[in-house]
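Accompanying notes for the structure given below.
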Amino acid sequence: MPRMLDVSDDVRAEIGDEEADRLLAGESAPGSYDCTSCRTPGDCEQERTSTVLFIGDETAVLAFAHAGCLPSQVVKVTEEQLQGAVKSINADTARPGPEQAAPEKVAPEQAVLGVTSGLILIAGELHPALVVEPTGPIARPGTAGVGDDFLPLLIEQGFMPVTKLSTTPAVLHGWSVLLAMGQLHAVLQPGTNGGRPVAWWQAHQPLQVTEGWRTAVNKHQQVLMFAAPVGSIGRQPREDLLRDALDKAAANGQLVAAALPLAGT
């Protein structure tokens, strides 16, 4: 049976025509694999499969993903990220409970953001979520004001105010979440003039997420992103406390949200 493998032009350009043809012929691709996105088994002889090439500073790793999880693409990461991601292929080190990323620089506002992943119960169903909160007020780019324009800036991008977590927010097309090798790498926003998506937030170290979070992502094929101004949520150690903080922020008119598809879906 022919392999249902997709090798994008970008991947082909990096690995060369000879290796790409060997992959498509089944000479160098594994029959079965663990999806680099959702971490569940796949079979490139039975289902559409994407080749994903991770390129570090000195090395590169070719991985495989369900076509429904990720398109065939090149993902550039630091060498340290790549080595950590390779380890994650062999051993899942996810821990229970919400996981938090260290605050990172983010474009275009160059603000410092904290990102927390967790499962949020809405209408009786668990949804994978990201909660974004800056460590300080965010001024509108090009201004010297001391106000906090974080939520207005996101509302201008299409995020909607949330007053109660009773229904899932609407999908925000053009934005997406990049989950690769079972870890969270970035939140992407539309590029300028219809160009390729660019990172709105990118993890300096890939954010480890729990198996339950990945399972929920695989089921829903999207992530709910909630954002609140500094001081609204805090770094909560448990998902029930995170939910309480979200409910309070929503009731106080300090929460916006959107559903973001997985990158490429």
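Taking the condition in contact with a strand residue (DSSP E or B) (Cβ under 8 Å, 6 or more places away or on another chain) and within 21 Å of Gln183 (Cβ to Cβ), does Asp43 pass?
Numbers: in contact with a strand residue (DSSP E or B) (Cβ under 8 Å, 6 or more places away or on another chain): yes; within 21 Å of Gln183 (Cβ to Cβ): no.
In short, no.
Looking at this structure, is Gln222 open to solvent by 10 Å² or more (accessible area, probe 1.4 Å) and within 19 Å of Trp175 (Cβ to Cβ)? Give the steps one after another, and end with the answer.
Values: open to solvent by 10 Å² or more (accessible area, probe 1.4 Å): yes; within 19 Å of Trp175 (Cβ to Cβ): yes.
Here the answer is yes, as Gln222 does meet what is asked.
Filter segment 42-63 down to the residues that are in contact with an Asp or Glu (Cβ under 8 Å, 6 or more places away or on another chain) and not in a loop (DSSP other than H, G, I, E, B) and list them by number. Across segment 42-63, the qualifying residues are Gly42, Thr49, Ser50, Thr51, Leu53, Ile55, Ala60.
Do you know which of the residues in segment 183-205 that are at pLDDT below 80 and more than 19 Å from Val131 (Cβ to Cβ) is surrounded by the most Cβ atoms within 10 Å (Cβ to Cβ)? Result: Gly191.
Of all residues in segment 34-65, those satisfying the criterion of being of a type outside the set (Gly, Ala, Ser), modelled with pLDDT of 75 or more and buried (at least 21 other Cβ atoms within 10 Å of the Cβ) are Cys35, Thr36, Cys44, Thr49, Thr51, Val52, Leu53, Phe54, Phe64.
Residues to consider are Gln221, Gln208; find the one that is modelled with pLDDT under 95 and on the phi < 0 side of the Ramachandran plot. If you could, list the steps in order and put the result at the bottom.
Details: Gln221 fails: on the phi < 0 side of the Ramachandran plot.
Being modelled with pLDDT under 95 and on the phi < 0 side of the Ramachandran plot holds for just one of Gln221, Gln208, which is Gln208.
Quick check on this structure: which one of Ala249, Ala245 is under 27 Å from Gly174 (Cβ atoms) and open to solvent by less than 50 Å² (accessible area, probe 1.4 Å)? Can you show your working first?
On the way: Ala245 fails: under 27 Å from Gly174 (Cβ atoms).
Testing whether each residue is under 27 Å from Gly174 (Cβ atoms) and open to solvent by less than 50 Å² (accessible area, probe 1.4 Å) leaves just Ala249.
Being at pLDDT below 85, farther than 30 Å from Leu246 by Cβ, open to solvent by less than 60 Å² (accessible area, probe 1.4 Å) and of a type outside the set (Ser, Thr, Tyr) holds for only one residue in Pro98, Pro30, and it is Pro30.
Going by the conditions given, is Gln254 in a strand (DSSP E or B), surrounded by 15 or more Cβ atoms within 10 Å (Cβ to Cβ) and among the polar types (S, T, N, Q)? It would help to see each step written out before you state the result.
Values: in a strand (DSSP E or B): no; surrounded by 15 or more Cβ atoms within 10 Å (Cβ to Cβ): yes; among the polar types (S, T, N, Q): yes.
No; evaluated as a whole, the condition is false for this residue.
The set of residues from segment 6-25 being free of Cβ contacts under 8 Å to residues at least 60 places away in the same chain and open to solvent by less than 20 Å² (accessible area, probe 1.4 Å) comprises Ala20, Leu23.
The values are calculated or read from the model by the stated rules, or taken from the named source; none is laboratory data. Fair warning: this is a prediction, and the values are worked out from it, not measured in the lab. Heads up, the Cβs are rebuilt from the backbone with ideal geometry, glycines too, and the neighbour counts pull from every protein chain shown. These area figures cover heavy atoms from the full protein model, side chains too; ligands, DNA and RNA do not enter into them. Shrake-Rupley method; radii C 1.70, N 1.55, O 1.52, S 1.80 Å.
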